[in-house]
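Remarks on the structure that follows.
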Amino acid sequence: MTRLELDGARFLSTGQLILLREISSLSASLNMPVFLVGGCVRDYFLKTPAKDLDIIVEGDAIRLGEALVEKFGGHLIAHSKFHTAIWELPETPGQATDSIDLITARTESYEHPGALPVVKPASIEDDLQRRDFTINAMAVRLDQDRFGELIDPFDGRLDLEKKRIRILHPRSFLDDPTRIFRAIRYECRYSFEIESGTLELINSESIGVISKISGERIRHELDLILEEVSSLAMIIRAGDLGVFKGIHSKLPLFNKEFVDLLEMDLTLDIPADRVAMGYMLWLLDLPEDAILSIGRRLDFSSELTHSVWAVAQLKKSLPFLVNSKPSIWTYALEKLPLLSIYVVFLVSGERALLNYISLWRHVKPFTTGDVLKSHGLPPGPRYAEILTSLKSAWLDGEVKSEKEEEELLQTLL
Ligand code: ATP
């Protein structure tokens, strides 16, 4: 029996370890065995510090959560339908973990391919069987006298050593084809390989089931991919495996020329959004109707659809704007999302777009509406016309000082 050194250097912080010990002793008093499970056990073997702590309870996770809140404080968010709870820890200075997922060990069955699972309480072994890949189907006992014992029914540890992603049973992708995206994500993240038997099951049948699942579930997985460091390699791999057919007939392959572009220049004062940038780079050469239709399929927010649409429109109109005066650029760009403009800069290298982002968009004349009023200008459209002329003059270098602006204003009044 392998016993893990959970308190070994760097894996768990001291705070996390104390927490696990506390959970272990409280669950013993409730007679409910508890286990650490999923990604954090995988991360132990990969020698990466644990991020999230997922705890499986043989018994009732909500009851354990309530007892933890009673003893240590904090707040419990219970999902009785799924027999799970999130324990939001009481705040302590410098703590590494702010919440812990408590999950009742359960089996899942699927009424038809791609359906949401029907959940029933069960043992830890049953619970591991419902998981996606062998490397994620390991658990560590936390009961006091067996603290650290590894449960690894599918040889996940061996697969980690052999660097392979393997599903647990042949129907896995049919039950839940979002696992196809997860397989690609782990494969590229760790530079592993999807094992050959598993790879064969990413086929027209399982990809066909993707078309039956909701856009929200697919987008969740795509968002997780786009948050990863090697996200674009993952999108390219998914395209090469033919996965997009199950999402939308017009979803294109990712343009490999853009693969290094997903890094944001943080000096530019644009709210960074790696996920949105990923969709923009992916869809920017599509016609408007395809963007709208894919946005609907993937349940994009209207803001995201608008940003992607803006990238495509701006890219198409670049040839008409090239060599224009700064004022023309500025009025063409003013209504577009900044991130969309930045993405078009990345793919085109057009300096005017960068000038707009870093300089031109901040240009304002000294004169304001109040100043015009004080000159006795009657209310009406002349206000906007004059202010626009002054701003254009600054942008195009026709005035360079407050005094020159004042002189121009006199000619306009
Ligand atoms: P990471 O967050 O590093 O990608 P993780 O393992 O923490 O990895 P989560 O998405 O938080 O990933 O999932 C937690 C665990 O739940 C996984 O380790 C896996 O065992 C299980 N799991 C998640 N999604 C699925 C799924 N679609 N099918 C089966 N099991 C899943």
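The values are calculated or read from the model by the stated rules, or taken from the named source; none is laboratory data. Keep in mind it's a predicted model, so treat the numbers as computed, not measured. Positions of Cβ are generated from backbone atoms using ideal geometry, with glycine treated the same way; all protein chains shown enter the neighbour counts. To get the accessible areas, we keep the full protein, side chains included, count just its heavy atoms, and leave off ligands, DNA and RNA. Shrake-Rupley method; radii C 1.70, N 1.55, O 1.52, S 1.80 Å.
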*asked:* I'd like the accessible area for THR368: 1.4 Å probe, protein heavy atoms, all chains in place, Å² to the nearest 10.
replied: 60
*Measuring from centroid to centroid over Cα atoms, what is the spacing of region 138-159 and region 351-413 in Å?*
70
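Evaluate 2.2 N^0.38 Å with N set to the residue count of region 163-247, then give the Cα radius of gyration divided by it.
Compared with the compact-globule rule of thumb, region 163-247 sits at 0.98.
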*Got a sec? What order do TRP329, TRP360 fall in by accessible area at 1.4 Å, biggest, i.e. largest, first?*
TRP360, TRP329
_For a Förster distance of 25 Å, can you work out the FRET efficiency between the beta-carbons of ILE86 and ARG274, rounded to the nearest 0.05?_
0.50
_For q values of 0.16, 0.22 Å⁻¹, compute log₁₀ I(q)/I(0) with the Debye formula on a Cα-only model of region 31-135, without solvent._
-0.77, -1.23
*Return one whole number: the accessible area per residue of the chain in Å², for a 1.4 Å probe.*
49
*asked:* So, taking all protein chains as they sit and a 1.4 Å probe, how much accessible area belongs to ILE291, in Å² rounded to tens?
replied: 0
*Projected-area average for region 255-304 over all orientations - Cα convex hull basis, square nanometres*: 4.1
*Starting from the alpha-carbon convex hull of region 287-346, give the projected area averaged over all orientations, in nm².*
4.3
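Which loop trypsin sites (Lys or Arg not before Pro) in region 196-232, with loop taken from DSSP, have no more than 14 other Cβ atoms within 10 angstrom of their Cβ?
Passing sites in region 196-232 are LYS212.
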*Straight-distance crosslink candidates among lysines, where the alpha carbon sits under 18 Å from LYS163 and sequence neighbours closer than 8 are dropped*: LYS47
_Given bins 10 angstrom wide, list per bin the percent of all Cα-Cα distances in region 369-412, short to long._
28, 56, 16
*Tell me, what % of the accessible area of region 1-162 is carbon and sulfur with a 1.4 angstrom probe?*
49
*Share of region 369-412's accessible area from carbon and sulfur, percent, 1.4 Å?*
57
*Just tell me which aspartates and glutamates come within less than 16 Å, Cα to Cα, of LYS256; anything on the same chain fewer than 8 places away is out.*
ASP240, ASP285
_Candidate lysines - alpha carbon under 18 Å from LYS120, same-chain residues fewer than 8 apart omitted_ = LYS81
*Ignoring ligands, DNA and RNA, how do LEU12, LEU387 rank by accessible area with a 1.4 Å probe, largest first?*
LEU387, LEU12
*Note down the Stokes-Einstein diffusion coefficient of the chain in µm²/s, whole number, using a Kirkwood radius over alpha carbon pairs, 4 °C, and 1.567 mPa s.*
51
*Determine the alpha carbon to alpha carbon distance for each of LYS51/LYS212; LYS245/LYS315; LYS325/LYS364; LYS250/LYS316 and list only those over 23 Å.*
LYS51/LYS212; LYS245/LYS315
*Using θ = phi - 60° and the Karplus curve 6.51 cos²θ - 1.76 cosθ + 1.60, what whole-Hz ³J(HN,Hα) does each residue of region 191-200 get, with Gly and Pro shown as x?*
6, 9, 10, 6, 4, 4, x, 5, 4, 4
*Using only helices, what value at 222 nm comes out for the chain when you add -39,500 (n - 2.57) per DSSP H run of length 4 or more and divide by the total residues, to the nearest 500 deg cm²/dmol?*
-14000 deg cm²/dmol
*Taking the chain as a Gaussian network, Cα atoms linked when under 10 Å apart, which of GLY59, GLY215, GLY380 shows the biggest mean-square fluctuation?*
GLY380
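In what sequence, largest accessible area first, do CYS40, CYS188 appear using a 1.4 Å probe? Walk me through the numbers on the way to the answer.
Values: CYS40 5, CYS188 35 Å².
From most exposed to least exposed: CYS188, CYS40.
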